[in-house]
Amino acid sequence: MLTIPEVSPLLLESVFSPGLIVFADRVRDNISRMIAMAGDVNRLRPHCKTHKMAAVIRLLIDAGISKHKAATIAEVEMLADCGATDVVLGYNVVGPGVNRVAELLKAFPDLSLTVTADDSASLQQLSDRMSALNLTIGVMLDVDVGLHRTGVSADSPQALPLYAQIAAAPGIRAAGFHIYDGHQRQSDLTERREAVTDAWRDVLALKQSLEQQGLSIPELLCGGTPTFPVYCKFTEPEICLSPGTSIFHDAGYGSAFPDLEFAPAAVVITRVISRPTADRVTLDLGNKSVAADPPKGRRVLFPELPDAEQVIHNEEHLVLQTPHAEKYRVGDVLLGIPIHICPTSALHEDVTVIDNGRTSDSWRVTARNRCLTH
Ligand SMILES: Cc1ncc(COP(=O)(O)O)c(C=O)c1O
C-alpha cells in the first residue's frame, strides 16, 4: 500500500523543502495495527530508531505501550525523558558508554534499563562498574540467528557459559535473549516463516538447557518489521516483538514485503529547482535530506513518477531522468516515500506534521544527536 495521502497544494505551499512530513493519523493507524497483530500490547517493545521523536514515543505510550527498544544511548535518554521506565538498549555497551548508562540510571531511578552482551570481558567490566556504583542493569544475551553482525549463535559452546556469567554477575540482572534477524528478507511470507522457525529451534534448545540449570530467561526479544508477522504467531509467553520501521513504514519494505499492511507515514517534500535538459528534473533532495541507503540506485519512490531514473544524487541535488519531464516547472512540489526511512529521519531536525489533512504541529527529531544531556 505505497500511497501518499492527498494533501492540499495550498497547505504544501508554505512547507519548506527539502523536508520531512509525518502523517500523524497514519502513525496512529500503524501503531494500532502493530498492537492488533501482536495480539496483546504487552508483547510489543517497538524500536525507536526509525523516528527518534519524543512526540512518537508519546503516541506509543498513549496507545498503552510501556516497553521500548533503542539503538543509542541518546535514544534511551529521550525515552527516559518521556517517562518510559522499561527500556532495552539493543546494543553492546563498551568504553565510556558504560559510564553514560550508569549516569542515566542515576538520573532516572525509575528506569529499568537492559543492554545486550556477547563478550565475557566487557560483561565483567559492566558488572564491576555497576556493582561499584550500587546500580543494577539488565543484560540480554545477544543471540546470533544468522545475521552475523553481533552475538553468539545459540548452538555455539560460548552461549551457555556466557548466559550463566550474566546470571551470576553482581550488578547485573539476567534479562533473557536478544534475537535480531535483519537477514531474513524472503519476500514470500511462507518462506520467511520457514527460515525463522528453523533458526528458532536452536534458540529454544539453548533456553531449555539454561532453564534445566535453574536459570531464568524472562524475555525473548525478537526481530524487526519483516519477521514481525512471523513471531506474532509464536506462542512462547516470553516473546516480545521489536519492530521499528512499521511505525513509519517505507518504500523499501513496502516493495520487498508485500504482506506488510502498514502505510507510509513519513514522506519527503521536495521542489523542482532546475530542468537542465528536456528529459531531466532536478530536485532539492540531496543525500543530506533523503538517505543514501540503499547505496546505489533509487533512494526515494515518487508515486507520480514511479519509473523515473535517479541519475545523480549529490549532497543537495537529486536528478531524475524521465520521459515525463516536460510536465514539470521550476518550483513544482513533489512528495516521495523514502526507500529507507530510518536514516532519513535522522537527517532532519524537525518534521512537519499533518493530521487528518491539516498541519497540526512540528515535531523535533529529538534523538538525532548522540547525546541529549550536554
Ligand atoms: C537490533 C534491532 N532490532 C530491531 C530493529 C527494527 O527492525 P525494522 O527496522 O525492520 O523494524 C532493528 C533495525 O535495524 C535492529 O537493528
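Would you pick out the residues in region 59-71 that are assigned to a loop (DSSP other than H, G, I, E, B), away from the ligand (no atom under 13 Å from the Cβ) and aliphatic (A, V, I, L, M)?
Correct list: A63, I65.
Which one of these is crowded, with 18+ Cβ neighbours inside 10 Å, in contact with a helix residue (DSSP H, G or I) (Cβ under 6 Å, 6 or more places away or on another chain) and of a type outside the set (G, A, S): I73, I21, I4? Walk me through it before giving the result.
Details: I21 fails: in contact with a helix residue (DSSP H, G or I) (Cβ under 6 Å, 6 or more places away or on another chain); I4 fails: in contact with a helix residue (DSSP H, G or I) (Cβ under 6 Å, 6 or more places away or on another chain).
Residue meeting the stated conditions: I73.
Among the residues of region 242-259, what is the count of those that are over 19 Å from I179 (Cβ atoms), of a type outside the set (D, E), part of a loop (DSSP other than H, G, I, E, B) and touching a helix residue (DSSP H, G or I) at 6+ places or on another chain (Cβ under 6 Å)?
Qualifying residue count for the region: 1.
List pairs: first in region 119-135 and in the same structural domain as A164 (by TED's automatic domain parsing), second aromatic (F, W, Y) and modelled with pLDDT of 95 or more, Cβ under 8 Å, 6+ apart or cross-chain?
So the pair list comes out empty.
Picking from A80, A102, A74, A55, which residue would you name as being within 16 Å of the ligand (Cβ to nearest atom) and in a helix (DSSP H, G or I)? Before you say what the answer is, go through the steps one by one.
Numbers: A80 fails: within 16 Å of the ligand (Cβ to nearest atom); A102 fails: within 16 Å of the ligand (Cβ to nearest atom); A55 fails: within 16 Å of the ligand (Cβ to nearest atom).
From the options A80, A102, A74, A55, the qualifying one is A74.
Taking into account only those residues within region 258-297 that are in contact with a Phe, Trp or Tyr (Cβ under 7 Å, 6 or more places away or on another chain) and under 14 Å from L318 (Cβ atoms), which is surrounded by the fewest Cβ atoms within 10 Å (Cβ to Cβ)?
Filtering first and then ranking leaves R275.
Looking at the structure I just gave you, is D250 in contact (Cβ under 8 Å) with a residue 12 or more places away in the chain, surrounded by fewer than 18 Cβ atoms within 10 Å (Cβ to Cβ), touching a His at 6+ places or on another chain (Cβ under 7 Å) and closer than 24 Å to M53 by Cβ?
No, not satisfied.
For region 79-90, does any single residue satisfy the condition of being of a type in the set (A, V, I, L, M), under 22 Å from H340 (Cα atoms) and in contact (Cβ under 8 Å) with a residue 60 or more places away in the chain?
Among the residues of region 79-90, not one is of a type in the set (A, V, I, L, M), under 22 Å from H340 (Cα atoms) and in contact (Cβ under 8 Å) with a residue 60 or more places away in the chain, which makes the answer no.
Please list, ordered by first then second residue, the pairs with beta carbon atoms under 6 Å, 6 or more apart or interchain, first in region 286-298 and on the phi < 0 side of the Ramachandran plot, second surrounded by fewer than 17 Cβ atoms within 10 Å (Cβ to Cβ) and among the polar types (S, T, N, Q).
G286/N314
When E211 is evaluated against the numbered criteria (1) assigned to a helix (DSSP H, G or I); (2) more than 27 Å from E304 (Cβ to Cβ); (3) within 14 Å of the ligand (Cβ to nearest atom), which criterion, by number, is the only one it fails?
Just one mismatch for E211, condition (3).
Take the residues of region 261-275 that are in contact with a helix residue (DSSP H, G or I) (Cβ under 6 Å, 6 or more places away or on another chain) and not in a strand (DSSP E or B): which is farthest from the ligand (Cβ to nearest atom)?
A263
If you check every pair at least six apart or on different chains, which have Cβ atoms under 8 Å apart with a residue in region 149-169 that is on the phi > 0 side of the Ramachandran plot and among the hydroxyl-bearing types (S, T, Y) first and a residue that is at pLDDT 95 or above and in a helix (DSSP H, G or I) second?
none
Looking only at residues in region 200-209 that are in contact (Cβ under 8 Å) with a residue 40 or more places away in the chain and surrounded by fewer than 20 Cβ atoms within 10 Å (Cβ to Cβ), which one is nearest to H340 (Cα to Cα)?
D202
The values are calculated or read from the model by the stated rules, or taken from the named source; none is laboratory data. Source: prediction; values computed, not measured. Backbone-built Cβ (ideal geometry, glycine too); neighbour counts: all protein chains shown.
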